[in-house]
Amino acid sequence: MKRPEGFDEPDAPESAETASGRPPRRGSRRRDDSDATGPLPIVGGARPQRPSGREPSEPSEPRSPSVRDRLAGVVGASSTLRDRLPGGTRGGASGPDAPVSTSSGATGGSEPPRIVAPDGTAAEAKARVVAARKQARRASSERRRVERVEVRRFTRRSRHRRATLVSLAAVVLLLVASVAVAVFSPLLSLRTIRVEGTERVDASAVQAALDGQLGTPLALIDFDEVTDELAAFPLIASYVTETAPPHTLVVRIQERQPVATVAAGDGFELVDPAGVVVQSLDARQEGVPLVDVGGASLDGPAYRSVAEVLLALPVTLRSTVDTVTASTTDDVTLQLTSGERVVWGSAEHSVKKAQVLAGLIADQARRDPGASVEYDVSAPDNGIIRTR
């Protein structure tokens, strides 16, 4: 900055080192200011504060003139330059009479802040303390509630996964416990055997044959042994077993149904379609056709063909058959209780032949019910009625 005319810098004061007789340090710059009042104030720095304990009317300590004061007496110094120097406010008073601002945070000579006790009695103070504690407890409770909500929100997936795993484990454990109880516990042991569906078979005999299973847990019943025991009853065509916890075994029996009667010496025997003797009788049973296969065995082809024909007939039509004869598989002949004769032929297409026979009988009943005729259904596509 250009120095104003007429301004002479004062001589720099002797430093502490020069006053003590020691030479100045090499490289140190000698100040050109000869003013003995001390260093120049820093621009923008805090101004010295007036002691707080001194009254404004008391004379202040002599203050050394500042650069601004010295500059004010220099001829030709501009006011702008004087305003830029520290020690005053722009546009305000300068000099020793200028007001000095003080800061509440200054440490030199300032009094410490005082704590003023609130007004009120001891009861009011105690009430305020109680209210403050309640508010603190409410705030703490609210904070814990919010924390719990946030924890539940952020751990929802893990909690659901844990609940699913626990549920699966509980189900598996329950199943294992149920199986263990059913298999090994005597609480589900067999105590009662109930036989159903018997007419010709003795139910008590079946129960006696299966009593070896009594006391066995229902899950450990040996059904292979049950099959072996029931095989001794020829009249049993099939059976179904069912366990009824806690202590019952139900055996439903399907008996063999006779479809024919064969002569056996002085009596008769009821046989099923497989040729198994169901029952032996002294007299012939009504409603069951008498079969004559010319002395052939009941497990031969002639009897199997006759049994197939009888099974193809409707129940109402089968009950009207009196006798059936066959020497081979292709010459099955039926004799009805009304006296008519039916030439059946082989057992092939027996169902269709049965339908044709039913139609021929109905037609003959409409035209001449009293005539003696013969029905030929050996060719199922061409039924014939012959007069005898």
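Every read-out reported here was derived from the displayed coordinates using simple, explicitly stated rules and does not represent laboratory data. Keep in mind it's a predicted model, so treat the numbers as computed, not measured. Because the Cβ atoms are built from the backbone with ideal geometry, glycine has one as well, and the counts that use them run over all protein chains shown.
Quick rundown of the values:
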{"quantity": "Gyration tensor verdict on segment 274-346 (Cα atoms; rounded if a/c is under 1.5, prolate if a/b is larger than b/c, oblate otherwise)", "calculated": "oblate"}
{"quantity": "Dipole in debye (nearest 20) - segment 260-387, about Cα centre, beta carbon charges: Lys, Arg +1; Asp, Glu -1", "calculated": "400"}
{"quantity": "Test item: Cα-centred dipole of segment 186-255, Lys/Arg +1 and Asp/Glu -1 on Cβ, debye", "calculated": "260"}
{"quantity": "If the convex hull is drawn through the Cα atoms of segment 314-388, its volume per residue in Å³", "calculated": "84"}
{"quantity": "Total formal charge among the other residues, if their Cβ is under 11 angstrom from that of GLN135, Lys/Arg +1 and Asp/Glu -1", "calculated": "+4"}
{"quantity": "Alpha-carbon gyration tensor eigenvalues x 5, square-rooted, for segment 251-388, Å", "calculated": "27, 16, 15"}
{"quantity": "Check: segment 116-206 dipole with +1 on Lys, Arg Cβ and -1 on Asp, Glu Cβ, in debye", "calculated": "980"}
{"quantity": "When segment 186-255 is reduced to its Cα atoms, the Kirkwood hydrodynamic radius in Å", "calculated": "12.1"}
{"quantity": "Rg/Rh for segment 216-275, where both radii come from Cα atoms and Rh is the Kirkwood radius", "calculated": "1.17"}
